[in-house]
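One structure is given below, represented as structure tokens, and several questions about it will come after.
The values are calculated or read from the model by the stated rules, or taken from the named source; none is laboratory data. Since this is a predicted model, take the numbers as computed values, not measurements. Here the Cβ positions follow ideal geometry from the backbone for every residue, glycine too, while neighbour counts run over all protein chains shown. Areas reflect the complete protein model, heavy atoms only, side chains present, ligands, DNA and RNA absent. Shrake-Rupley method; radii C 1.70, N 1.55, O 1.52, S 1.80 Å.
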Amino acid sequence: MKQSTAWVGREVVRRDALEKARGLTKYASDMFLDNMLWVAACRSKYPHAAIKRIDVSRALKSPGVVAVFTHRDVPNNRYGVFVRDRPVLCDDRVRYIGDTVAIVAAESKEEAEQGVEEIVVEYEPLPVVSDPLEALKPDAFPIHEGGNISRSTRITFGNVEEGFKASEAVVENEYRTAPQIHMFLETEAGFSYIDEKGVITVVAGGQSPYRDHHEIVSTLQLPPEKVRVVIPHVGGAFGGKDDVSVQIYLALVTWKTGRAARFVWDRDESTIAGTKRHASIVRMKTGASADGKLLANDVEIIYDTGAYTALGHAVLDVAIENCNGPYKIPNIDIKAWLVYTNNMVASAFRGFGAPQVMFAMEQQVDQLAHKLGMDPIEFRLRNALRRGDVMVFGNKLETSVGIAQCLEAARNHPLWRQKETLKSENRLPWIRRGVGVAAAIKGYTLGALPDKGSVAVELRRDGGLTVKGSFTEIGQGVVQAVAQLAADLFKIDIEKVEVVFADTGKTPDTSVTSASRQLFLAGNALKKAAENLLTHIQELLTNLYGQKGAEARFENGHVVGPGFSHSFEEIAHMLEKHGLSREVIGVYDVPRLEPIPGSLEIPHLFYMFGATLAQVEVNILTGTVTVPKLVSIADVGKVVNPQTLTGQLEGAAAQGLGFALLEEPKIDKGILKTTNLSTYLIPSIKDINEIEVIPVESFEEEGPFGAKGIGEIGIISVAPAIANAIYDAVVVRPLSAPMTPEKIYWLVKQAGLTVK
């Protein structure tokens, strides 16, 4: 049910905006402690090798070195969310060049780095498997004991062969996408110390303090109450801090030495050792009837997870779930593999497996529309999911579905309506213009996996509220959104709402900040907390006023009812006077469906939808593609803060442009050659032109005030929209991303395009 709001929907300036703009916000990498040790890592020099010997004797004698740690110092030397296949410190072998063999703790950064140089590791090089197709071969050298397939599955509904027989048009292609590096402003960083209660406290950039806590206590075999994890403001994450990085090492050093420690990765180290987006190979055959109805989709998905699984099992599920796009298709056959190689570890990255498959599917859809002589948006609308439809996996869509509204907004946009005029206005004979469209879908929350979060609310003595949750502020504005939700739920001025976040010692577990779900999860847990606090107060007032107390409600910073009105400050003192707590906890258990056979989390109950329009200019002499304008259209349920929403969608679009055109790691036999921003190019201000954001409010009944997740949807359809725009401009079909000038140049040359 729609509710009137005073704060939700308003463009309220973010409470962290001024201090961030002035450079006052403290990130983990900005924090220093007295008498702390500096930590440095000894990393593998080989992409794949057996470890024959580790000798740290010279390092221990090196000036300033206090301690050196190897696998012998880690009680339980394996970690991982889905598969515990990753060593904290390598013991039997190294599987990629970022693998950590030992860590050194010293009195200074320079002394720690020199100590690393003194460590002697004797390696026996092993065959390097860097091509996922080679890794899949039966005779490939095994990277792990069980082979090179971390996970494989096949999911079918209907009969694709019958679907293809009934199809008027069939399109079949192989698509490839490169890995993508997060390149967040703040690299992986943190520090650790023992507090006055003897608790090892780790302060580090991350996305889930409770998951990080679990990995620390499980690997080091420490009592849970003896470890605390705090995540301050994070200088960007995008999924790249969903896995642990420095946390276990910091806890190990402080545990063993009793001293504070600091570990900050430099840019090269972050690029090599940090996680990436999965490189992909997607083979797709898609058929449609003469009247433009999609009938069949046969898909093969191969994702390169690198040396370890990390979050790859869930990423593969997201790829499977979204490879059919936001469409009704009666016949599907999806075969998927998550493959080990000796490349860098792949894990979560904004979109979580969806951008790769959508790059394929949305080009397939465009090609079918062209074959059938249909407008690409009309073709999509003819197949678009609507509320009440049954999806390809047999689940009925009973929550908000805004894809049709997004596509209608795209169809009615001047960029689409006037695209032919725009193309004809070009003045330079070597420039070709085009406009493309692509749609997007992705589930938010953890799908069919158990998903629960808690939020605490304290009614302070001064009449204000303190909201406590373990959600992390990674730049997306969740703290501001939670404050606005709280102000409306408790009918209080937003300036009286304080938000405490991401501290296992102070906040309940609101679960991981990923999957575009914290606004939805924390918001609903906050709603439960508001209900619980009101019930708590009603019970108090019933004892004072009889049955009238049960009619109490929040209003303008007061609790009011028939014949009474008390300020929040008065209520706080009344609760204390009667020996009652001023704090309550709200717990939200996300509704979910049962997973289908062959999956972990398919299907979701809640989905994001979106569409992107892209205008491109292609230089046929150089192959250079520029994007004068992107239009990002997203089904947001309900806008909580227009300013934050615009920032999220603009940032996602910019990151999608990098994925589409620029970001191409160069890997040679497992060795990353592009380790910094001089060789690995991300979009700069010169690459980003106009980005227009259009929110579509479909209102999600289960969401807080109708809101739904929006953090990832803006990136998913950018690359295929640009690919389709390139085709519109020069009639060549780019099947791999990034679509670099070299690739486009050769496609144009092969097509015989010349300057007229």
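Report the percentage of all Cα-Cα pairs in segment 374-530 whose separation exceeds 28 Å, rounded to a whole percent.
Of all Cα-Cα distances in segment 374-530, 48 percent exceed 28 Å.
I've got another one for you. When the C-alpha atoms of segment 578-621 are aligned to their principal axes, what extent does each axis show, in angstrom, from largest down?
On the principal axes, segment 578-621 reaches 80, 36, 15 Å in Cα extent.
Report the convex hull volume per residue for the chain, counting only C-alpha atoms, in Å³.
Details: hull volume 123.9 nm³, N = 756.
Normalising the Cα hull of the chain by residue number yields 164 Å³.
Additional query: Please give the contour-minus-distance gain from residue 76 to residue 684: 0.36 nm per residue of separation, less the Cα-Cα distance, rounded to one decimal in nm.
Value of the extension gain: 214.6 nm.
Rounded, prolate or oblate: which fits segment 592-718 when a ≥ b ≥ c are the square roots of the eigenvalues of the alpha-carbon gyration tensor, with rounded for a/c under 1.5 and prolate only if a/b beats b/c?
oblate
Run the quick spin-label model on residue 18 and residue 624: label points 7 Å from Cα toward the beta carbon, then report their separation in nm to one decimal.
About 4.3 nm, to one decimal.
Right, another one. Dipole size in debye (nearest 20) for segment 613-756 around its Cα centre, Lys and Arg Cβ +1, Asp and Glu Cβ -1? Could the numbers behind the result be given before it?
Values: 11 positive and 16 negative charges, 160 e Å.
It works out to roughly 760 debye.
Along the charge dipole of the chain, Cβ charges K/R +1 and D/E -1, which of 625, 187, 67 sits furthest on the positive end?
The Cα lying farthest towards the positive end belongs to 625.
On to the next question. Just how large is the dipole of segment 278-330 about the Cα centre, in debye to the nearest 20, putting +1 at every Lys and Arg Cβ and -1 at every Asp and Glu Cβ?
That gives a dipole near 160 debye.
Distance between Cα centroids, segment 278-317 to segment 157-189: provide it in whole Å.
Rounded to whole Å, the Cα centres lie 4 Å apart.
Compute the signed sum of charges (Lys and Arg +1, Asp and Glu -1) over the other residues within less than 12 Å, Cβ to Cβ, of residue 450.
Net charge in that neighbourhood comes out at -2.
Given the pairs 241/673; 137/669; 629/666, which are separated by over 24 angstrom at their Cα positions?
Among 241/673; 137/669; 629/666, the Cα-Cα distance tops 24 Å for 629/666.
What number comes out for accessible area per residue over the chain if the probe is 1.4 Å? Units Å², please.
Details: 27860 Å² over 756 residues.
For the chain, the solvent-accessible area averages 37 Å² per residue.
When the Cα atoms of segment 203-328 are enclosed in a convex hull and the volume is divided per residue, what value in Å³ results?
That works out to 153 Å³ per residue.
Among 563, 737, 82, which residue has its Cα positioned farthest towards the positive end of the charge dipole of the chain, with +1 placed on the Cβ of Lys and Arg, -1 on the Cβ of Asp and Glu, and the dipole taken about the Cα centre?
Most positive-ward Cα: 737.
Also, quick follow-up: Normalise the Cα radius of gyration of segment 500-629 by 2.2 N^0.38 Å (N = residues in it) and let me know the number.
1.76
Let me ask something additional. Charges on Cβ only, +1 for Lys and Arg, -1 for Asp and Glu, centred on the Cα centroid of the chain; of 611, 7, 364, which one is farthest towards the dipole's positive end?
Working it through, the farthest residue towards the positive pole turns out to be 364.
Something else: Suppose a student asked you for the relative contact order of the chain, using Cα pairs under 8 Å spaced at least 6 residues apart; what percent would you report?
Value for the chain: 15 percent.
Taking a cut-off of 16 Å between Cα atoms, list the lysines near residue 226, but don't count ones fewer than 8 places away on the same chain.
Cα-Cα hits under 16 Å: 197, 256, 506.
If you don't mind, another one. Quickly rank 341-351, 310-320, 37-47 as a protection proxy: mean count of other C-beta atoms within 10 Å, highest first.
Highest mean packing first, the order is 341-351, 310-320, 37-47.
Can you tell me which of 609-620, 567-578 comes out highest on packing, and rank the rest after it, using the mean Cβ neighbours within 10 Å?
Highest to lowest by the protection proxy: 609-620, 567-578.
May I ask you to derive the relative contact order of segment 99-220, considering only C-alpha pairs under 8 Å and at least 6 residues apart, and to give it as an integer percent?
Across segment 99-220, relative contact order equals 8 percent.
Next question. How much net charge surrounds residue 573 when only the other residues with a Cβ under 10 Å from the Cβ of residue 573 are counted, with Lys and Arg +1 and Asp and Glu -1?
Net charge in that neighbourhood comes out at 0.
Then there is this: Taking segment 99-210 on its own, what percent of its Cα-Cα pair distances exceed 25 Å? Please list the in-between numbers first.
Values: 3972 of 6216 pairs.
I get 64 percent for the Cα pairs in segment 99-210 exceeding 25 Å.
Same structure again: For the chain, what % of the accessible area comes from carbon and sulfur atoms, probe 1.4 Å?
Roughly 50 percent, rounded to a whole number.
Could I ask something else about it? On a 23 Å Cα-Cα criterion, which of the cross-link pairs 335/371; 396/708; 165/285 come out too long?
Working: 335/371 26 Å; 396/708 18 Å; 165/285 13 Å.
Among 335/371; 396/708; 165/285, the Cα-Cα distance tops 23 Å for 335/371.
While we're looking at this one, here's another question. Order the peptides 98-104, 546-552 from the highest to the lowest mean number of other Cβ atoms within 10 Å of their residues.
98-104, 546-552
Can I ask one more? Rounded, prolate or oblate: pick one for segment 269-364, where a ≥ b ≥ c are the square roots of the eigenvalues of its C-alpha gyration tensor, a/c under 1.5 means rounded, and failing that, prolate if a/b is larger than b/c, else oblate.
Prolate shape, in that a/c is at least 1.5 and a/b is the bigger ratio.
What are the DSSP H helices in the chain that stretch 20 Å or more along their long axis, judged by alpha-carbon atoms, and whose average Kyte-Doolittle hydropathy comes to at least -0.5?
354-371, 518-545, 642-657
When the helix-only estimate is applied to the chain (DSSP H runs of n ≥ 4, each -39,500 (n - 2.57), divided by the residue count), what is the mean residue ellipticity at 222 nm, nearest 500 deg cm²/dmol? Before the final figure, lay out the partial values.
On the way: 21 runs with 209 residues, N = 756.
Using -39500 (n - 2.57) per qualifying helix, the result is -8000 deg cm²/dmol.
If a/c stays under 1.5 just call it rounded; otherwise compare a/b with b/c (prolate if a/b is bigger, oblate if not). Do that for segment 704-756, with a ≥ b ≥ c from the square roots of the Cα gyration tensor eigenvalues. Can you show the working numbers first?
Values: a/c = 5.17, a/b = 3.18, b/c = 1.62.
Judged from the Cα gyration tensor, segment 704-756 comes out prolate (a/c at least 1.5, a/b above b/c).
Turning to a different aspect of this structure: So how strong a dipole does the chain carry about its Cα centre when Lys and Arg Cβ are +1 and Asp and Glu Cβ are -1, to the nearest 20 debye?
Once rounded to the nearest 20, the dipole reads 820 debye.
Compute the normalised compactness of segment 26-110: alpha-carbon radius of gyration over 2.2 N^0.38 Å, N being the residue count.
1.22
Round to the nearest 0.05 the FRET efficiency obtained for residue 576 and residue 495 when R0 = 25 Å and r is the Cβ-Cβ distance.
So, using R0 = 25 Å, E works out to roughly 0.60.
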